[in-house]
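Undergrad: Structure below; questions to follow.
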Amino acid sequence: MLVYESAEQLLAEPEPRRYLHTVILTALRDKAERVEVRFGDGEGMLYYRVDGRDWELIPPPDEVYAVIKDTVREVARLVRPERPEVTVMFGTPGARFEPIEAGWLTYQLGGYWVDLAVRIDPREPYGFIRFDIDDAAEFAEAAGEALEGYVVTLADDPEEPSTSELEPDPQT
């Protein structure tokens, strides 16, 4: 279970959980039906689907990329099927069959509860994490307000660089 109580609580979360919160909140706000993190050679790609179209988003930061599967495993309820004895006859030498882990993640946003179907392809260094969302439109307004509060809190946090510090100086 992953719970959003306030922007201050979100700011206090470890970075991988904070990233997961912001991805889910953004997907709910934008009424996404699916969120997917695809893993490649040392980097991840983040997509979500809105109205049947996939959109590529900013990839996970390097610190988060390495632990995002484990973070999802911590907060979701997953069924990890036994790996059957299978001989892989083709493909990569030494390959193993890894069944997909499936389950759900309950996300609490204020008085709202939303269950996201979760699937993790555990193959390393590849694979994916996929969240399927039903009726995200019901949570869009609450998610937007939560994200807005988080952005305001980030702007007030002296530990985080302000947006003006991130913009180039026009005089240089």
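The values are calculated or read from the model by the stated rules, or taken from the named source; none is laboratory data. This is a predicted model, so every value here is computed, not measured. So basically every Cβ, Gly included, is an ideal-geometry build from the backbone, and we count neighbours across all protein chains shown.
Undergrad: Answer yes or no as to whether Ala102 is at pLDDT 70 or above and assigned to a strand (DSSP E or B). Explain how you work it out, then say what you get.
TA: Working: at pLDDT 70 or above: yes; assigned to a strand (DSSP E or B): yes.
It is true that Ala102 is at pLDDT 70 or above and assigned to a strand (DSSP E or B).
Undergrad: State whether the residues of region 4-19 include one that is modelled with pLDDT under 95 and farther than 21 Å from Val151 by Cβ.
TA: Scanning region 4-19, I find no residue that is modelled with pLDDT under 95 and farther than 21 Å from Val151 by Cβ, so the answer is no.
Undergrad: Moving to a separate point now. For the subset of region 35-51 comprising residues that are closer than 18 Å to Glu138 by Cα and over 11 Å from the mean Cα position of the chain (by Cα), which member is surrounded by the most Cβ atoms within 10 Å (Cβ to Cβ)? Step through it out loud before you land on a result.
TA: First pass over region 35-51, keeping only residues closer than 18 Å to Glu138 by Cα: 35, 48-51.
Imposing the further condition that a residue be over 11 Å from the mean Cα position of the chain (by Cα) reduces the set to 49-51.
Numbers: Arg49: 16, Val50: 14, Asp51: 9.
Ranking the candidates gives Arg49 first.
Undergrad: Here are Arg49, Arg29, Arg53: which of them is under 20 Å from Gln108 (Cα atoms) and either without any contact (Cβ under 8 Å) to a residue 60 or more places away in the chain or touching a Gly at 6+ places or on another chain (Cβ under 7 Å) (or both)?
TA: That would be Arg29, the only listed residue that is under 20 Å from Gln108 (Cα atoms) and either without any contact (Cβ under 8 Å) to a residue 60 or more places away in the chain or touching a Gly at 6+ places or on another chain (Cβ under 7 Å) (or both).
Undergrad: OK, next. Consider region 5-34. How many of its residues are crowded, with 22+ Cβ neighbours inside 10 Å and over 12 Å from the mean Cα position of the chain (by Cα)?
TA: Going through region 5-34 one residue at a time, the tally reaches 1.
Undergrad: While we're on this one: Hey, can you tell me all the residues within region 20-46 that are modelled with pLDDT under 95 and in a loop (DSSP other than H, G, I, E, B)?
TA: Passing the criteria: Gly40, Asp41, Gly42, Glu43.
Undergrad: Given the conditions (1) within 22 Å of Val151 (Cβ to Cβ); (2) without any contact (Cβ under 8 Å) to a residue 60 or more places away in the chain; (3) among the β-branched types (Val, Ile, Thr), which single one is not true for Thr22?
TA: That leaves (2) as the condition not met.
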